[in-house]
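Student: Input: one structure, supplied below.
Readers should treat all values here as calculations from the given coordinates under stated rules, not as data from a laboratory. All values derive from a computational prediction rather than experimental measurement. Methodologically, a virtual Cβ is constructed for each residue, glycine included, from the backbone with ideal geometry; neighbour enumeration extends over all protein chains shown.
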Amino acid sequence: MLNPRRLEILRAVLAAGSINGAARNLSYSPATISQHMAALARETGLVLFERQGRGITATDAARELAGQAQVLLADFGRLERAVADLRAGQGQHLAVACFASAAEQWMPAVVRAVRRLQPNLTVEISLNEPVDGRGRRQPDLDIRTEPADGVGLHLDGYSRHELLVEDLVAVLPAAHPLAGLPEVGLRDLAEEPWVDHDIYDSPIGRIVLSACGAAGFAPRYAARLDDHRAALRLVAAGIGVTVLPRLAVSGLSLPPGAVAKPLVRPGVSRRIVAYANRDRHRAALVRCAVEQLRASADESGMLA
């Protein structure tokens with residue numbers, strides 16, 4: 001069985017570029033680092049380093065092993081934290097997976113609510129767009145985006161709670177000719193340069209692309225990235241236009257130099273759904289979180 005600590009040391013050697021550099025960073029002696037690398041080579045049956053002049057260089061096998069170990073070490077680190085929490089008598093966690101705007105706008109109230117119910121609770125919030133699931137706990141609460149006119153998804157072991165159907169809006173530079181209109185037609189954006197906030201094909205991105213297809217065009221991108229806040233900054237700088245849910249541009253999210261307008265012809269909307277784990281041991285916490293989510297979603301709907 002591979003020793004996780006030796007895999008961590010291998011990654012440290014590669015990051016530092018040498019045995020001596022890794023020894024300094026880890027506060028080990030170079031001899032100790034060398035011993036661990038020799039043991040790892042025996043465990044794997046791989047040549048990890050080769051002589052090059054007076055030093056050594058990592059092999060392709062060492063780099064591939066270190067890359068593959070990243071996911072394992074994330075999971076192992078989570079397990080170590082859980083053991084430490086249990087040893088300290090603080091093993092209670094609530095795991096929430098959600099998209100970025102829900103984390104920004106709704107999670108502060110949810111964390112306050114569940115920690116009032118259980119003060120020693122640790123709430124772990126991870127983004128589920130894009131989804132990889134590694135290095136994370138199985139979510140107790142999974143908040144997702146779905147097409148408003150689509151068939152609702154059902155997850156085994158989870159109850160489904162529809163929170164909100166919200167419209168998407170057009171976001172334009174403040175100096176754009178369309179920025180002074182009370183509403184913007186999606187087809188009017190066909191010839192504009194777009195700023196894509198969904199380079200990894202998340203549900204909200206698919207909803208936007210489907211709407212553009214229905215309007216008879218495919219967006220022409222000036223920039224693509226995977227963070228809606230950064231996308232808003234690019235719009236404010238005059239790079240292009242974008243389409244986002246209202247939740248993503250509410251509060252302080254919209255930077256100076258950008259304006260949001262209702263989107264029409266066609267209107268575009270999404271449904272936000274919370275999937276709650278049916279584990280009876282966490283039932284009270286999950287119920288509290290869902291109740292707070294409903295309150296936050298109702299408030300967001302009233303502000304729309």
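Student: Choose one answer from 275, 28, 158: the residue with the largest mean-square fluctuation in a GNM of the chain with alpha-carbon springs under 10 Å.
Tutor: With Cα springs under 10 Å in the chain, the top fluctuation among 275, 28, 158 is at 28.
Student: A further question follows. Taking the Cα atoms only, what angle lies between the long axis of helix 4-16 and the longest principal axis of the chain, rounded to 10 degrees?
Tutor: Taking the Cα atoms of the chain, the angle to 4-16 is about 80 degrees.
Student: Provide the three semi-axes, in whole Å and in decreasing order, of the ellipsoid equivalent to the range 159-304 as defined by the square roots of 5 times the Cα gyration tensor eigenvalues.
Tutor: Here the semi-axes work out to 31, 16, 14 Å.
Student: Please report, to one decimal in angstroms, the Kirkwood hydrodynamic radius of the range 4-87 built from all distinct Cα-Cα pairs.
Tutor: Taking the inverse mean of 1/r over all distinct Cα pairs, the range 4-87 comes out at 13.5 Å.
Student: Related question: Please report the spacing between the Cα centers of the range 142-198 and the range 26-62 in Å, no decimals.
Tutor: 51
Student: How charged is the neighbourhood of residue 156? Take every other residue with its Cβ under 14 Å from the Cβ of residue 156, and add Lys/Arg as +1 and Asp/Glu as -1.
Tutor: Residues near residue 156 contribute 0 overall.
Student: Spin-label point model (7 Å from Cα, Cβ direction): what's the residue 265 to residue 165 distance in nm?
Tutor: According to this spin-label approximation, the distance is 2.3 nm.
Student: Under the rule of -39500 (n - 2.57) per DSSP H run of 4 or more residues, summed and divided by the residues of the chain, what mean residue ellipticity at 222 nm is obtained, to the nearest 500 deg cm²/dmol?
Tutor: So the helix-based figure for the chain works out to -13000 deg cm²/dmol.
Student: If you don't mind, another one. I want to check the label-to-label distance for residue 70 and residue 298. Put each point 7 Å from Cα in the C-beta direction and report it in nm to one decimal.
Tutor: Taking the simple label geometry, residue 70 and residue 298 are separated by 4.4 nm.
Student: Something else now. So what's the net charge close to residue 146: Lys and Arg +1, Asp and Glu -1, counting the other residues with Cβ under 11 Å from its Cβ?
Tutor: +3
Student: At 0.36 nm per residue, and after removing the present C-alpha to C-alpha distance, how many nm does the segment from residue 61 to residue 224 gain when stretched out fully?
Tutor: Values: separation 163, 0.36 × 163 = 58.68 nm, distance 3.32 nm.
Full extension of this stretch gives 55.4 nm more.
Student: To the nearest 20 debye, what is the magnitude of the charge dipole of the chain about its Cα centre, counting +1 on the Cβ of each Lys and Arg and -1 on the Cβ of each Asp and Glu?
Tutor: Roughly 980 debye for the chain.
Student: Using only Cα atoms and rounding to the nearest 10 degrees, what angle (0 to 90) does helix 203-214 make with the longest principal axis of the chain?
Tutor: Long axis of 203-214 versus the principal axis of the chain: about 40 degrees.
Student: Further question on the same structure: Over the chain, how many percent of alpha carbon pairs lie in each 20 Å bin up to the one with the longest distance?
Tutor: Result, from short to long distances: 27, 42, 29, 2 percent.
Student: Residues with beta-carbon under 13 Å from that of residue 63, excluding residue 63: net charge, scoring Lys, Arg +1 and Asp, Glu -1? Display every interim value, and only then the final one.
Tutor: Values: positive: 11; negative: 50, 60, 64.
Combined, the nearby Lys, Arg, Asp and Glu give -2.
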